[in-house]
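> This is the structure I want to talk about, given as structure tokens.
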Amino acid sequence: MGLRSHLSRARGALSSHLVSIRAAGIVEERTWRDLEDALLLADVGAKTTDELLSEARERFERNDEVDVEGLLGILKSVLIERLGVTDRSLATGGEPSVWLFVGVNGAGKTTTIGKVGSREVAAGLQVVFAAGDTFRAAAADQLATWADRVGSPLVRGAENADPSSVIFDAVEHAAARGADLVLADTAGRFHTKSNLMDELAKVRRVAEKGSGTVTETLLVIDATTGQNGLVQARQFAEVVEVTGIVLTKLDGSARGGIVVAVQEDIGIPVKLVGVGEGGDDLVEFDPVDFVDALFGVTAEI
Ligand SMILES: Nc1nc2c(ncn2[C@@H]2O[C@H](COP(=O)(O)OP(=O)(O)OP(=O)(O)O)[C@@H](O)[C@H]2O)c(=O)[nH]1
Ligand SMILES: [Mg+2]
């Protein structure tokens, strides 16, 4: 299923404003103010909103015949260019490949691993789940439920076991049975923040001590935490080399512009979007689909 059908809620903040902007038909000074409000309310962020609008204004003024629809078309192109054309696929190539999932607690790491596992198994890969969140026993149980559902093995340790050793064991287990991919969960909290960050850096190193290669480190961010969530997320990006962002719970946010803010702020592409709690509720991020969904097309309003 495409992104658009999942974003009915996420475009709320923007498209409700666009209704009155579109209704005016012509572009006046007020249109620019309304667009600014709309982008800010959609959580695009102040700096990016400014930059997007001044670029759109420059292009708009070069062509003195465009109406509101023309202007919105220009703004969409500016936004799509800004989100960029980059490879958003998840890299493999290790024997096995290891994908690490990091992020603050509650962001949706474990659920995302379940969804990704289900997708990759369906695509024909042999997957091993690694319960690297040893901070609480329930975390491994939660992952075990996903592993059962997907029909793949789970490697887990005792509560408070060294997360690195659990992930190392999972890599060895995968290598021994010729599995392609280890999906490694990590804790979103630890006794202190510096412990957490040290632990993640160590997990990253130890995951490659054996035959595995970490080909993706995915930072999981909850879209509903808005601009605040970004501050915390940035701290993870400072200790581990993040290769992609998974933005979860976009189904529960009316502020889809957060996707733009996240990518701008962390400077790393959004690769996947979570749109629900089920195994299939994961979508590859596509800027064109996303921007179309965000602005709504006239026929859908
Ligand atoms: N609606 C919605 N809920 C989600 C999505 N992703 C995760 N959730 C829910 O968010 C809650 C937290 O998800 P988890 O996967 O447990 O988060 P976590 O990052 O592993 O949390 P910790 O293990 O505590 O660090 C759960 O209730 C999930 O079902 C999503 O895309 N949409
Ligand atoms: Mg978890």
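The values are calculated or read from the model by the stated rules, or taken from the named source; none is laboratory data. These numbers come from a predicted model, not from an experiment. Every residue, glycine as well, gets a Cβ built from its backbone with ideal geometry; the counts of neighbours run over all protein chains shown. SASA here: full protein model, heavy atoms, side chains in, ligands and nucleic acids out. Shrake-Rupley method; radii C 1.70, N 1.55, O 1.52, S 1.80 Å.
> Counting each pair of different Cα atoms once, what's the Kirkwood radius of region 60-159 in Å, rounded to one decimal?
Working: mean 1/r = 0.0592 Å⁻¹.
Answer for region 60-159: a Kirkwood hydrodynamic radius of 16.9 Å.
> Return the distance in nm (one decimal) between the two label points of a simple spin-label model at Arg234 and Gln126, each offset 7 Å from Cα along Cα→Cβ.
That separation, rounded to one decimal, is 4.4 nm.
> Mind checking which of Val291, Val166, Gly267 is farthest towards the positive end of the chain's charge dipole, using Cβ charges of +1 (Lys, Arg) and -1 (Asp, Glu) about the Cα centre?
Checked the options; the winner is Val166.
> When the Cα atoms of region 153-301 are enclosed in a convex hull and the volume is divided per residue, what value in Å³ results?
It comes to 136 Å³ per residue, whole-number rounded.
> Add -39500 (n - 2.57) for each DSSP H run of 4 or more in the chain, then divide by its residues: what number comes out at 222 nm, to the nearest 500 deg cm²/dmol?
For the chain, the value works out to -15500 deg cm²/dmol.
> How far is helix 193-206 tilted off the main Cα axis of the chain, in degrees rounded to 10, range 0 to 90?
Its long axis makes an angle of about 70 degrees.
> Further question: When the accessible area of region 97-285 is split by element with a 1.4 Å probe, what percent falls to carbon and sulfur?
Answer for region 97-285: carbon and sulfur cover 45 percent of the accessible area.
> Counting other C-beta atoms within 10 Å, and keeping those with at most 13, which DSSP coil GluC sites (Glu not before Pro) do you find in region 36-129?
For GluC sites (Glu not before Pro) across region 36-129 that sit outside H, G, I, E and B with at most 13 neighbouring Cβ atoms in 10 Å, the list reads Glu65.
> If you place +1 on the Cβ of every Lys and Arg, -1 on the Cβ of every Asp and Glu, and leave all else neutral, what size is the dipole of the chain about its Cα centre, to the nearest 20 Debye? Each step should come with its number before you reach the end.
Working: 30 positive and 46 negative charges, 144 e Å.
Once rounded to the nearest 20, the dipole reads 700 debye.
> Provide the descending list of Cα extents for region 110-215 along its principal axes, expressed in whole angstroms.
Projected onto the principal axes, the Cα atoms of region 110-215 cover 39, 28, 21 Å.
> Sticking with this one: For Ala158 and Ile26 in one chain, what is 0.36 nm times their gap in residues minus the Cα-Cα distance, to one decimal in nm?
Length gained between Ala158 and Ile26: 41.0 nm.
> Treating only the Cβ of Lys, Arg, Asp and Glu as charged (+1, +1, -1, -1), what charge dipole size does region 184-226 show about its Cα centre? Round to the nearest 20 debye.
Dipole size: approximately 180 debye.
> While we're looking at this one, here's another question. Can you pull out the trypsin sites (Lys or Arg not before Pro) in region 59-100 whose DSSP state is coil and whose Cβ has at most 12 other Cβ atoms within 10 Å?
Numbers: sites: Arg59, Arg62, Lys76, Arg82, Arg88; in loops: Arg62, Arg88.
Listed in order of number, the matching sites are Arg62.
> Would you please state which residues of region 128-169 a label at Asn195 would reach in this model, taking the label point 7 Å out along Cα→Cβ and a backbone N cut-off of under 13 Å?
Answer for region 128-169: 134-136, 160-163.
> From Cα pairs below 8 angstrom and at least 6 apart in sequence, can you work out the relative contact order of region 97-285, rounded to a whole percent?
That works out to 26 percent.
> List the trypsin sites (Lys or Arg not before Pro) in region 89-198 that DSSP assigns to loop (not H, G, I, E or B) and whose Cβ has at most 11 other Cβ atoms within 10 Å. Which are they?
Arg177
> Let me ask another. Considering only C-alpha atoms, what is the centroid distance from region 225-268 to region 36-72, in Å?
That distance is 22 Å.
> Further, regarding this structure: Restricting to lysines 8 or more places apart or on different chains, can you count the pairs in the chain with Cα atoms under 30 Å from each other?
25
> A further question follows. Taking just the C-alpha trace of the chain, give me its Rg and Dmax in Å.
Cα radius of gyration and Dmax of the chain are 20.9, 68 Å respectively.
> Right, something else. What is the calculated FRET efficiency for Thr213 to Asn63, with r their C-beta to C-beta distance and R₀ = 41 Å, to the nearest 0.05?
0.25
> Multiply the residue gap between Arg33 and Ala138 by 0.36 nm, knock off their C-alpha separation, and tell me the result in nm, one decimal place.
Gain on extension, Arg33 to Ala138, equals 32.9 nm.
> Once you have all Cα-Cα distances for region 80-133, histogram them in 5 Å bins from zero and send the whole-percent values.
Binned Cα distances yield the sequence 4, 14, 23, 22, 17, 13, 5, 2.
> Based on the Cβ-Cβ distance of Ala46 and Ser16, what FRET efficiency does E = 1/(1 + (r/R0)^6) give at R0 = 22 Å, to the nearest 0.05? Walk me through the numbers before you get to the answer.
Working: r = 20 Å, r/R0 = 0.91.
Rounded to the nearest 0.05, the efficiency is 0.65.
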